[in-house]
């Protein structure tokens, strides 16, 4: 899992010089303009997807779920985790996450995330 993630980080940081590898709360991640756009959690690769269409499509991938780093049922609404079994989907979503507008606030709690 880590090797695939590292390969994606190498590719993204080569293609997008404004991106940098780093860490946030001990999680390896990639930041663009100081904002985390994707990372690697214990359960898979995590993507911040502010575009509603991309976010909805990501959640249709088998095993995908909202990122809940605390494990207390308080997921980050714009963040989607794809498990290692879906590693073929990681690179395209990383590329999407990098180019999205990360200044967009998450939807309110009443917003429907998926059907």
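The values are calculated or read from the model by the stated rules, or taken from the named source; none is laboratory data. These figures come from a predicted structure and were not determined experimentally. Cβ: placed from backbone, ideal geometry, glycine included. Neighbour counts: every protein chain shown.
Criterion first (part of a loop (DSSP other than H, G, I, E, B) and within 14 Å of the chain's Cα centre (by Cα)) does residue 102 satisfy it? Lay out the reasoning, then the answer.
Working: part of a loop (DSSP other than H, G, I, E, B): yes; within 14 Å of the chain's Cα centre (by Cα): yes.
Against the criterion (part of a loop (DSSP other than H, G, I, E, B) and within 14 Å of the chain's Cα centre (by Cα)), residue 102 qualifies.
Of the residues in the stretch 1-18, how many are part of a loop (DSSP other than H, G, I, E, B) and touching a helix residue (DSSP H, G or I) at 6+ places or on another chain (Cβ under 6 Å)?
2
Residue-wise test of (1) closer than 19 Å to residue 11 by Cα; (2) surrounded by 13 or more Cβ atoms within 10 Å (Cβ to Cβ); (3) modelled with pLDDT of 95 or more; (4) in contact with a helix residue (DSSP H, G or I) (Cβ under 9 Å, 6 or more places away or on another chain).
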position: 22; (1), (2), (3), (4): yes, yes, yes, no
position: 59; (1), (2), (3), (4): no, yes, yes, no
position: 62; (1), (2), (3), (4): no, no, yes, yes
position: 67; (1), (2), (3), (4): no, yes, yes, no
position: 71; (1), (2), (3), (4): no, no, no, no
position: 75; (1), (2), (3), (4): no, yes, no, no
position: 84; (1), (2), (3), (4): yes, yes, yes, yes
position: 93; (1), (2), (3), (4): yes, yes, yes, yes
position: 108; (1), (2), (3), (4): no, no, no, no
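Scan the stretch 39-55 and give yes if some residue there is touching a strand residue (DSSP E or B) at 6+ places or on another chain (Cβ under 8 Å), in contact (Cβ under 8 Å) with a residue 60 or more places away in the chain, surrounded by 17 or more Cβ atoms within 10 Å (Cβ to Cβ) and assigned to a loop (DSSP other than H, G, I, E, B), otherwise no.
Checked against the condition, which is being touching a strand residue (DSSP E or B) at 6+ places or on another chain (Cβ under 8 Å), in contact (Cβ under 8 Å) with a residue 60 or more places away in the chain, surrounded by 17 or more Cβ atoms within 10 Å (Cβ to Cβ) and assigned to a loop (DSSP other than H, G, I, E, B), the stretch 39-55 yields no hits at all.
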